[in-house]
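Engineer: Here it is: the structure, laid out below.
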């Protein structure tokens, strides 16, 4: 689906706008430590075409993240870590 609009003002500047649909999903997984949750996520990603998927509260250590990255094809991942200060 593409929609282009051209606008010309007194200075002959042409501006073009294109609308591109994207699929975004966000899941609070509340721990990916159980194998069945990892399987559900990998199957969902491999069977759907999300442009952006956010997973929160995975509780995965760095080593486990690398293993999960290898199981999910065609996606680039970014991870952040949060630790309590109390």
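Engineer: I'd like the residue in the stretch 16-41 that is assigned to a strand (DSSP E or B) and surrounded by fewer than 14 Cβ atoms within 10 Å (Cβ to Cβ) and, out of all such residues, is farthest from the chain's Cα centre (by Cα). Give the steps one after another, and end with the answer.
Structural biologist: Applying the first criterion (assigned to a strand (DSSP E or B)) to the stretch 16-41 yields 16-18, 24-28.
Narrowing further to those that are surrounded by fewer than 14 Cβ atoms within 10 Å (Cβ to Cβ): 16-18, 24-26, 28.
Numbers: 16: 27, 17: 24, 18: 22, 24: 7, 25: 7, 26: 8, 28: 13 Å.
Restricting to residues being assigned to a strand (DSSP E or B) and surrounded by fewer than 14 Cβ atoms within 10 Å (Cβ to Cβ), the top hit is 16.
Engineer: For the stretch 42-73, how many residues meet the condition of being in contact with a helix residue (DSSP H, G or I) (Cβ under 8 Å, 6 or more places away or on another chain) and loosely packed, with under 10 Cβ neighbours inside 10 Å?
Structural biologist: Residues that pass the stated criteria total 1.
Engineer: Step by step: first the residues of the stretch 42-77, then only those that are in contact (Cβ under 8 Å) with a residue 24 or more places away in the chain and in a helix (DSSP H, G or I), then the one that is nearest to the chain's Cα centre (by Cα). Which residue is that?
Structural biologist: Out of the qualifying residues, it is 45.
A short reminder: the numbers here are calculations on the coordinates, not readings from a lab. Note that the structure is a prediction, hence the values are computed from the model and not measured. All Cβ positions, even for glycine, are placed from backbone atoms using ideal geometry, and neighbour counts span all protein chains on display.
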